[in-house]
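See below for the structure under consideration.
The values are calculated or read from the model by the stated rules, or taken from the named source; none is laboratory data. As the structure is a prediction and not an experimental result, all values here were calculated from the model. FYI the Cβ positions are ideal-geometry reconstructions off the backbone, even for glycines, and counts take in every protein chain you see. Remember, those area values only see protein heavy atoms, side chains included, never the ligands or the DNA or RNA. Shrake-Rupley method; radii C 1.70, N 1.55, O 1.52, S 1.80 Å.
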Amino acid sequence: MRPRPRSLRARLVLGTTLLATSAVLLCQAAGLTVLHGWLTDQVDGRLTRFRLMPDAEREAAQGVAVRAAREQDLLPSDYRVYFYDRDGRRMAASLGGEGDGEAGPALPATESSLELCDGRPRTVEAADGDGRWRVIARDGHDGRVVVALPLREVDGATMKMLGFSLVVGVAVAVCVVASGRFFVTLGLRPLTRVERTARRIADGESQLRIADGHAFTEVAHLSHALNSMLDRLRAALQRSEASEQRLRRFLADAGHELRTPLTSLQGFAELLVDAPGMEADRRDEAHRLIVQNAGRMSRLVDDLIQLAQLSEAPVAHREQVDLLSLAADTIAALAVQHPGRRIGLGALDDADDAPGSGELDVVQTVGDPHQLAQILTNLLANACTHTPSGTAVRVRVGGLRVRARGPGRDLTHRTSANPPLDVGSRVGVVEVADDGPGLAAPDAARIFERFYRTRTTPPDDTRTGFGLGLAIASGIAAAHGGRLELDTRPGRGCTFRLLLPHEPAQDPTPRPRELPPATPATADPSRRRSTP
């Protein structure tokens, strides 16, 4: 079984206690070492300064016992003096220690085993093993003289100091544990509040925030980082919820759009099965309606597949595309389908962005020509379908540089589903403008949504499509690194503006300033191209 990990508070208190106690013990050990060395030096100084009377040394060397009365005069207390003859043998005579009952130092019988150098004290054990002695050797009258002093006072003082150090260390450890727990708890109180708030957030209170304060502390930085992370998580959850809601709405709208043709298909198919002997005219009408509804379902499925492909593989084919030629071809194709509609082609002259040169010129971009043609076809078809008959439609082509929104430029009436382009970038522009009734602000705000139809559109009008055309056009523009936007106000018509990254023309050729309106009489059938 693995041990349970300690809490941060316990680890901090334990670490602080160990560090403080170790520091105190190390200081006490250093002081103890210094004290022991100083006391030993004092003993060594006494040994070095000690000098024996010549008469006493001579008598002891001759084997004559020194009288006790004289010994008190010759030696201070605690001193012991031993003699070695010329042959290095220890002599029986000695000075000091008479009647005190204390064993002297354990000295060897021969001088060679003593290993004492002149003037250098050495510590030896006592003869009875209880205590230590400090000894020093020097040359005497007729041999060697060894002087000894006991270290019982030094050892006693050292032991007392050691006991005091242990008591102080234990007291310091207890005080550090008590005070450390208090101060660590006090210092971790902001972190505890962060922990409690995080638990409440984990329990479901997702709108809470962690109080980070204004202090430049680690906890404040952690709180700020957690709040930033929470904001990002909330934003991600909101995006996820919004995406889920859009998906549900998309599936509901797709099911609603498919329900009508499916119901018609089923009804007419059952009619043909249940009434095999119906009249030929009614049978032909049922077949025609089946084909019509099947085609409507096929177009809806194709649009859905294209939307899915735009999100996965935006642009499969790229080449140089002349936007001016593309606009002219699209106008020629639409003029055949709307013979009574005036569609003009001219140069871009937008005072809100940049004045055009007034002359038609080549404006090139890189992309898929079929997808770009689909955008223009959709925009022109919408202009022809949703405006009254006889309303003029204008297509303008040119290049400009994206400018920042200044205080004098009112762009609040422009809407788009694409992100804005980089300020200062050069773009090619194709505008499709009409003089129709325009759109109200609520309709303009949702015009690029999937399956959205304006409030004035009849729900059963099959000419208006499924509400996917502008969503597909906006997706194609974004896939090409561009932007599709709408500029409209009630009573002032609609202007759809397609902005694409501009590629300089390799061989620019000036063109006429204005082409005549594309009508069945003036349109060139040879310039028509099939739309995707």
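Only residues that are open to solvent by less than 30 Å² (accessible area, probe 1.4 Å) and polar (S, T, N, Q): list them for the range 151-191, please. The answer is T158, S165.
Yes or no, residue by residue, for (1) open to solvent by 70 Å² or more (accessible area, probe 1.4 Å); (2) at pLDDT 85 or above:
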| site | (1), (2) |
| --- | --- |
| P437 | yes, yes |
| R446 | yes, no |
| T457 | no, no |
| D461 | no, no |
| G467 | no, no |
| R483 | no, yes |
| G493 | no, yes |
| R497 | no, yes |
| R528 | yes, no |
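Here H224 meets each of (1) surrounded by 12 or more Cβ atoms within 10 Å (Cβ to Cβ); (2) without any contact (Cβ under 8 Å) to a residue 12 or more places away in the chain with one exception, condition (2). Among the conditions (1) assigned to a helix (DSSP H, G or I); (2) buried (at least 17 other Cβ atoms within 10 Å of the Cβ), the only one that A148 does not satisfy is (1). Would you confirm, using the coordinates I've provided, whether D130 is farther than 15 Å from Y79 by Cβ, part of a loop (DSSP other than H, G, I, E, B) and touching an Asp or Glu at 6+ places or on another chain (Cβ under 8 Å)? When the stated conditions are applied, D130 does not pass them.
For (1) among the aromatic types (F, W, Y); (2) outside any helix (DSSP H, G or I), each residue gets a yes or a no:
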| position | (1), (2) |
| --- | --- |
| V170 | no, no |
| G204 | no, yes |
| M229 | no, no |
| A252 | no, no |
| F268 | yes, no |
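Just to be sure, is A269 of a type in the set (A, V, I, L, M) and open to solvent by 40 Å² or more (accessible area, probe 1.4 Å)? Answer is yes for this residue. Could we say that D212 is of a type outside the set (K, R), at pLDDT below 80 and either over 29 Å from L372 (Cα atoms) or touching an Asp or Glu at 6+ places or on another chain (Cβ under 6 Å) (or both) here? Spelling it out, D212 is indeed of a type outside the set (K, R), at pLDDT below 80 and either over 29 Å from L372 (Cα atoms) or touching an Asp or Glu at 6+ places or on another chain (Cβ under 6 Å) (or both).
For the condition modelled with pLDDT of 85 or more, within 18 Å of V145 (Cα to Cα) and open to solvent by 70 Å² or more (accessible area, probe 1.4 Å), what is the one hit in R86, R46?
That would be R46, the only listed residue that is modelled with pLDDT of 85 or more, within 18 Å of V145 (Cα to Cα) and open to solvent by 70 Å² or more (accessible area, probe 1.4 Å).
The numbered conditions (1) over 16 Å from the mean Cα position of the chain (by Cα); (2) open to solvent by 60 Å² or more (accessible area, probe 1.4 Å); (3) closer than 30 Å to A308 by Cβ are all true for G255 except (2).
Take R199 and decide whether it is assigned to a helix (DSSP H, G or I) and either more than 24 Å from S474 (Cα to Cα) or touching a Cys at 6+ places or on another chain (Cβ under 6 Å) (or both). Even if it seems obvious, please write down each step before you answer.
Details: assigned to a helix (DSSP H, G or I): yes; either more than 24 Å from S474 (Cα to Cα) or touching a Cys at 6+ places or on another chain (Cβ under 6 Å) (or both): yes.
So R199 fits the description; yes.
Got at least one residue in the range 49-68 being modelled with pLDDT of 80 or more and outside any strand (DSSP E or B)? Yes, the range 49-68 has at least one match.
Restricting the range 383-402 to residues that are out of contact with any helix residue (DSSP H, G or I) (no Cβ under 7 Å at 6 or more places or on another chain) and not in a loop (DSSP other than H, G, I, E, B), the residue that is most open to solvent (accessible area, probe 1.4 Å) is R401. Would you call A477 over 48 Å from the mean Cα position of the chain (by Cα) and either buried (at least 18 other Cβ atoms within 10 Å of the Cβ) or at pLDDT below 85 (or both)? For A477, the condition - over 48 Å from the mean Cα position of the chain (by Cα) and either buried (at least 18 other Cβ atoms within 10 Å of the Cβ) or at pLDDT below 85 (or both) - is not met. Return the residues of the range 272-287 that are in a helix (DSSP H, G or I) and open to solvent by 40 Å² or more (accessible area, probe 1.4 Å); say none if nothing qualifies. Listed by number, the residues that qualify are V273, D274, A280, D281, R282, R283, D284, E285, H287. Across the range 96-120, the qualifying residues are those that are open to solvent by less than 40 Å² (accessible area, probe 1.4 Å) and modelled with pLDDT of 80 or more, and the one among them that is nearest to G37 (Cα to Cα) is P105.
For the range 354-375, taking the residues that are farther than 30 Å from Q306 by Cβ and open to solvent by 20 Å² or more (accessible area, probe 1.4 Å), the one that is modelled with the highest pLDDT is identified as D361. For E319, the criteria (1) open to solvent by 70 Å² or more (accessible area, probe 1.4 Å); (2) at pLDDT below 85 hold in every case but one, which is (2). Within the range 20-48, track down each residue that is under 30 Å from G180 (Cβ atoms), free of Cβ contacts under 8 Å to residues at least 12 places away in the same chain and not β-branched (V, I, T). Result: S22, A23, L26, C27, A30.
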